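Beneath this line is the structure, given in structure tokens, with notes to follow.
Each value in this text was obtained by applying a stated rule to the coordinates, not by laboratory testing. Being a predicted model, the structure only gives us computed values, none of them experimental. In this analysis, Cβ positions are derived from the backbone assuming ideal geometry, glycine residues included, and neighbour counts consider all displayed protein chains.
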Amino acid sequence: MGDKNEVLEAVVKETVDLENIPIEEVLENLRCSKEGLTTEAAEERLTIFGHNKLEEKKESKFFKFLGFMWNPLSWVMEAAAIMAIALANGGGKPPDWQDFVGIITLLIINSTISFIEENNAGNAAAALMARLAPKAKSLPVTKGPGDGVYSGSTCKQGEIEAVVIATGVHTFFGKAAHLVDTTNQVGHFQKEVPDGRKESSGGPWQFIGLMPLFDPPRHDSAETIRRALNLGVNVKMITGDQLAIGKETGRRLGMGTNMYPSSALLGQDKDESIAALPVDELIEKADGFAGVFPEHKYEIVKRLQARKHICGMTGDGVNDAPALKKADIGIAVADATDAARSASDIVLTEPGLSVIISAVLTSRAIFQRMKNYTIYAVSITIRIVLGFMLLALIWKFDFPPFMVLIIAILNDGTIMTISKDRVKPSPLPDSWKLAEIFTTGVVLGGYLAVMTVIFFWAAYKTDFFPRIFGVPTLEKTAHDDYRKLASAVYLQVSIISQALIFVTRSRSWSFVERPGLLLVVAFVVAQLIATLIAVYANWSFAAIEGIGWGWAGVIWLYNLIFYFPLDLIKFFIRYALSGRAWDLVIEQRIAFTRQKDFGKEQRELQWAHAQRTLHGLQAPDTKMFTERTHFTELNQMAEEAKRRAEIARLRELHTLKGHVESVVRLKNLDIDTIQQSYTV
């Protein structure tokens, strides 16, 4: 019994290829006969192989709803609800149930709205997947003894007796589905190989002929890959085809021929130049791998993610589904199988991959808008809090709360147009550089706060503005209720606060990168309203009084003068954090969607360095690359090495030709006839 279980365990581990061996050997390996299994044997195999079904995980709607109550915003509301009944009242008074019920009601309403939106989005995605499911007509296939029959097949004519060799997760489709659903480690590219070898019966092979086949890439594939590489997206080919096919396809597409068979991932058949490279580094530097299986694709994506890469995966077959599910962005092509589409995040509805480039540029533009808004929001928060706090601490000046509300309303109206702003995507993959974002926001906000303090001091404590520009003094009103001074501070804060968006939205000089028309119109309208309020408003409830057009012009001029240093501060912060900000100022390296070759020379230089190091042409720490830092110089070195290799190959062919001619003469053969029949 022990030997029998060991043999079945070997079948579970797939050390025996049951599909390609004679039926007698299948029965022998499975320890069964043509008479079938007993009840005890069937129960025993259920414990070893499991049931013939795939586990389907269904998410509970209730727990999904509760999940929307577990986030930072909900935590704040939940803490407030607890404080309402625990700390709101003292002295033996009952808890503040009204506030508690109100907060919990708002929490439930907020979670319900989020749950409904999420559920509708999921239903829409499911409906889309159902519409995209392929529909085809099945054709009958003739099967004979020894052939394989798949589960779910219908026998149209005749009878069949068969032995089951795989069930459940051990089938081809089951293994793919299991990899999609699980996050467990798929080993380290290891596989047990039984000792010895088996020779099947059959005569010796005789070469009859060679039939060439050609599967050309799409006409736009090379251009798509070229644009992806120029945008800093590293493209790798992971294919189940032969290595020679993968290399030729890579050469035609311009993505490199530095490809290896899947055996290189197992630590076998490695070139001497890459034998010392760890598998993770090999995967990172290679252009692709050939002859891979679904678990290989899954593991490659997993290892790249472990090295902090954001991985996107495209595919069309069932064998691509595990990697599509594991990738950060799974993309199923137009004619992909249903399994691949279900495992993907994005389903293409048109042939080709060129739309991916548009998606990259669009996503980078969206990210740039989000980043711009984040810097702006941090700056304005620091600017409002710090500026008004300093005015209150130094001069006991309380800015009217109603005017803060007016600033916020006009500011929000302008900020909403950021979603339609004209932005230039980053030339390389970008990320949330939190240190840069918060440092920039704090410094810019502090600078604006100091600007307001200086303006208040000059308008309140000095006669600078009346003496230079001839405007009425604000000093007398300050002894009363600061109404005109409040209007002046309001206009100064409103103008420069909204003008800051033009600084945070640009990577270079703010007056060089043209903003969107909608943003400009919103800014002009908002500041026109703010100026009219400051000039004419006489609102006692808001504690402000009109200051006239003279002061309005002075404030606009003051803000314009102090606006220009904002760009210099932005450049200084980026330079201090990365040392690369002045490249943006001097060289204007901005990624236009039409400028396809942006940064091409630098990326080719890095690629040449990596390839020469990977193939052992030069050690990584050599001085060769410090002496020759330009791509053209490295390219010249590579071309010289290529020519030397070509000369050596021609010499070898010439020598071989001489040997062949010598043998032909000794055998008294006609060399012309041989050359007409065979061509090398």
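From the alpha carbon centroid of the range 513-568 to that of the range 349-407 is 19 Å. Were the residues from Arg252 through Asn71 laid out at 0.36 nm apart, the gain over their Cα-Cα distance would be 60.2 nm.
Taking the beta-carbon count within 10 Å as an exposure proxy, list Lys325, Lys433, Lys371, Lys308 from fewest neighbours to most.
Lys308, Lys433, Lys371, Lys325
Residue separation of Thr362 and Glu281 scaled by 0.36 nm, minus their Cα-Cα distance, works out to 26.1 nm of gained length.
Among Trp75, Trp551, the ranking by other beta carbons within 10 Å of each residue's beta carbon, starting with the fewest, stands as Trp75, Trp551. Given the pairs Lys371/Lys424; Lys433/Lys570; Lys308/Lys570; Lys236/Lys424; Lys247/Lys325; Lys236/Lys297, which are separated by over 21 angstrom at their Cα positions? The answer is Lys308/Lys570; Lys236/Lys424; Lys247/Lys325. Label positions at Val149 and Met416, each projected 7 Å from the Cα along the C-beta direction, are separated by 6.7 nm. Neighbour counting of Cβ atoms within 10 Å sorts the residues Tyr260, Tyr298, Tyr563, Tyr575, fewest neighbours leading, into Tyr575, Tyr563, Tyr260, Tyr298.
One decimal place: the segment Ala80-Glu118 gains 11.1 nm when fully extended, by the rule 0.36 nm per residue minus the C-alpha distance. Ala377 sits among other residues whose Cβ lies under 13 Å from its own Cβ, and their net charge, with Lys and Arg +1 and Asp and Glu -1, is +3. Using the Cβ-Cβ distance between Asp328 and Val164 with R0 = 45 Å, the FRET efficiency computed as 1/(1 + (r/R0)^6) comes to roughly 0.75.
Which net charge results for the neighbourhood of Leu213, defined as the other residues with beta-carbon distances under 14 angstrom from its beta-carbon, given Lys and Arg at +1 and Asp and Glu at -1? Around Leu213, the charge tally is -3. So, in nm, how far is label Trp539 from label Lys34 when the simple model puts each one 7 Å beyond its Cα toward the Cβ? Once both label points are built, they end up 9.7 nm from each other.
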